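Here is the structure we will look at.
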Amino acid sequence: MLKLADLENAIAEETAIVSLMWANNETGVLFPVEQIAAVCKSRGVLFHCDAVQAVGKVPVDLHKLPVSYLSVAGHKIHAPKGIGALFVRRKTPFAPLIYGGHQERGLRGGTENVPLIAGLGKAAELARKYQPSYGKKVLPLRDALENGILEIIPNTERNGHKLQRLANTTNITFHGGRISISVGVSMKDMRK
């Protein structure tokens, strides 16, 4: 688990940006992004939040979350592969990776892939619709699987925080065999 004091100590005068994930992709552990953003803001440092695993699984309100940047991968919410989004807060420094063209106010060169963008938009709409009930449906399934494994198979151990994690992710170590497994349940599975 991330210790905020360690983060504060790691931020030096020359630190320009902190980039941390909202949810760990293997353990599902949730990081305290609101507190991380507050620490960064108090130190005058930009904060990029990798929300790839969190979007669609936890509430995301960019009016309340003072991140500088936030990235999303479309395929994690069942949009077509190859599309994503980067939120950049107004008046936050940003330079394009690819220069050219005047579309996108000079922030991105190249032609937009409208079908993929539309797919991401629809997937985001559905993720927002299903997110409030997501944890309620998936959490009991994860816990039943996890508790069953931990009770039946000796020398097993849950990796990560028991409560502060995504409802769809479990990560268990099987001691002796040195095997770790990670299981995820998607929003698509829930709709069946």
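Once you list every other residue whose beta carbon is under 13 Å from the beta carbon of Pro115, what net charge do they have if Lys and Arg are +1 and Asp and Glu are -1?
Net of charged neighbours comes to +1.
To test your reading of the geometry: what angle, between 0 and 90 degrees and rounded to tens, separates the Cα axis of helix 114-152 from the longest principal axis of the chain?
Taking the Cα atoms of the chain, the angle to 114-152 is about 20 degrees.
Rounded to the nearest 500, what is the chain's calculated 222 nm mean residue ellipticity when only DSSP H runs of at least 4 contribute -39500 (n - 2.57) each, over all residues?
Value at 222 nm, helices only: -10000 deg cm²/dmol.
Counting other Cβ atoms within 10 Å of each Cβ, which GluC sites (Glu not before Pro) in the stretch 11-90 have at most 16 and sit in a DSSP loop?
Hits after loop and neighbour filter: Glu13, Glu14, Glu26.
Dipole of the chain (Lys/Arg Cβ +1, Asp/Glu Cβ -1, origin at the Cα centre): which of Gly101, Asn24, Cys49 lies farthest to the positive side?
Checking the options against the dipole of the chain, the answer is Gly101.
Using only Cα atoms, find the angle between the long axis of helix 33-42 and the longest principal axis of the chain, and express it within 0 to 90 degrees, rounded to the nearest 10.
Value to nearest ten degrees: 40.
For the chain, what are the per-bin percents of Cα-Cα distances with bins 5 Å wide, up to the bin holding the maximum?
For the chain, the binned pair fractions read 1, 7, 13, 16, 17, 15, 13, 10, 5, 2, 1, 0, 0 percent.
Using square roots of five times the C-alpha gyration tensor eigenvalues, list the equivalent-ellipsoid semi-axes of the stretch 71-184 in whole Å, biggest first.
Each semi-axis is the square root of five times an eigenvalue, giving 40, 17, 13 Å.
Do any trypsin sites (Lys or Arg not before Pro) in the stretch 87-124 lie in a DSSP loop with no more than 13 other beta carbon atoms within 10 Å, and if so, which?
In loop regions of the stretch 87-124 (DSSP not H, G, I, E or B), the sparsely surrounded trypsin sites (Lys or Arg not before Pro) are Arg90, Lys91.
Quick one: grab Rg to one decimal and Dmax as a whole number for the stretch 113-163, Cα atoms only, in Å.
Cα-based Rg and Dmax for the stretch 113-163 come out at 17.3, 52 Å.
No lab work stands behind these numbers, since they all come straight from the coordinates. Please read these numbers as outputs of a predicted model, since none were measured by experiment. All Cβ positions, even for glycine, are placed from backbone atoms using ideal geometry, and neighbour counts span all protein chains on display.
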